[in-house]
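Step one of this worksheet: look at the structure below.
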Amino acid sequence: MVKNIFSKISIGLCALALSGAALGAAKGSADEAIAMVKKGVAFVKANGKDKAFAEFSNPKGQFVDRDLYIMVYDMKGVNRAHGANPKLIGKDLLEIQDVDGKFIIKGLIEVAQKGKGGWYDYQWPNAATKAVEHKSTYVEKVEDVLIGVGIYK
């Protein structure tokens, strides 16, 4: 009886550990976000903005991986491509704020205009958990747009 209970507890703990590992694997890392932005910048340079933006916005394309996806904004805050929410494309989102009143797109633009890649932190609802979580987005400027990929911390 005790052996049977111990066995069930052990199996339960193993299942919990494996599910936790699977959840961790479902989240992209900072290094993966940077790599995706750099791949996106190279794709724009090789293929032009029109083709690149269409590919970035393809939910089954090469620029969507687990919770990582590319988003593109022009320097006025208009969304030009979005791998997770195509309804945002063409919308002026310059004034969008997080739950603490922090301007998200304005902050991304400021980081991108510095001329080298960088991170911007804010809070945003996680589509998977529906909870507001800390998010950090890595951005780089290419031509007259910024390309970004965010991670939940």
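The values are calculated or read from the model by the stated rules, or taken from the named source; none is laboratory data. Small disclaimer: the values here were computed from a predicted structure and weren't measured. As a convention, Cβ positions derive from the backbone with ideal geometry for all residues, glycine included, and neighbour counts pool all protein chains shown. We work out accessible area using only protein heavy atoms, side chains counted, and drop any ligands, DNA or RNA first. Shrake-Rupley method; radii C 1.70, N 1.55, O 1.52, S 1.80 Å.
Numbers for the structure displayed
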item	result
Residues located in segment 46-76, provided they are over 21 Å from Ala128 (Cβ atoms), small (Gly, Ala, Ser) and surrounded by fewer than 17 Cβ atoms within 10 Å (Cβ to Cβ)	Ala46, Gly48, Ala54
Any hit, segment 116-123, residues being of a type in the set (D, E, K, R), within 23 Å of Ser29 (Cβ to Cβ) and in contact with a Leu (Cβ under 9 Å, 6 or more places away or on another chain)	no
Pairs where the first residue, in segment 21-44, is under 22 Å from Val72 (Cβ atoms) and at pLDDT 95 or above and the second is part of a helix (DSSP H, G or I) and open to solvent by less than 40 Å² (accessible area, probe 1.4 Å), C-beta under 6 Å, 6+ apart	Phe43/Ala52; Val44/Ala52
Where a residue in segment 125-153 is more than 14 Å from Val37 (Cβ to Cβ) and aliphatic (A, V, I, L, M) and its partner, wherever it lies, is part of a strand (DSSP E or B) and at pLDDT 95 or above, with Cβ under 8 Å and at least six apart	Val132/Gln123
Of all residues in segment 113-124 being under 18 Å from Lys76 (Cα atoms) and not aromatic (Phe, Trp, Tyr), the one that is most open to solvent (accessible area, probe 1.4 Å)	Lys114
Looking only at segment 77-90, and only at residues there that are more than 17 Å from Val142 (Cβ to Cβ) and not basic (Lys, Arg), the one that is surrounded by the fewest Cβ atoms within 10 Å (Cβ to Cβ)	Gly90
Any hit, segment 91-105, residues being open to solvent by less than 40 Å² (accessible area, probe 1.4 Å), under 26 Å from Pro59 (Cβ atoms), assigned to a loop (DSSP other than H, G, I, E, B) and without any contact (Cβ under 8 Å) to a residue 24 or more places away in the chain	yes
Where Glu110 falls short, out of the listed (1) assigned to a loop (DSSP other than H, G, I, E, B); (2) farther than 21 Å from Asp65 by Cα; (3) open to solvent by 40 Å² or more (accessible area, probe 1.4 Å)	(1)
Any hit, segment 125-135, residues being open to solvent by less than 30 Å² (accessible area, probe 1.4 Å), part of a loop (DSSP other than H, G, I, E, B) and modelled with pLDDT of 95 or more	no
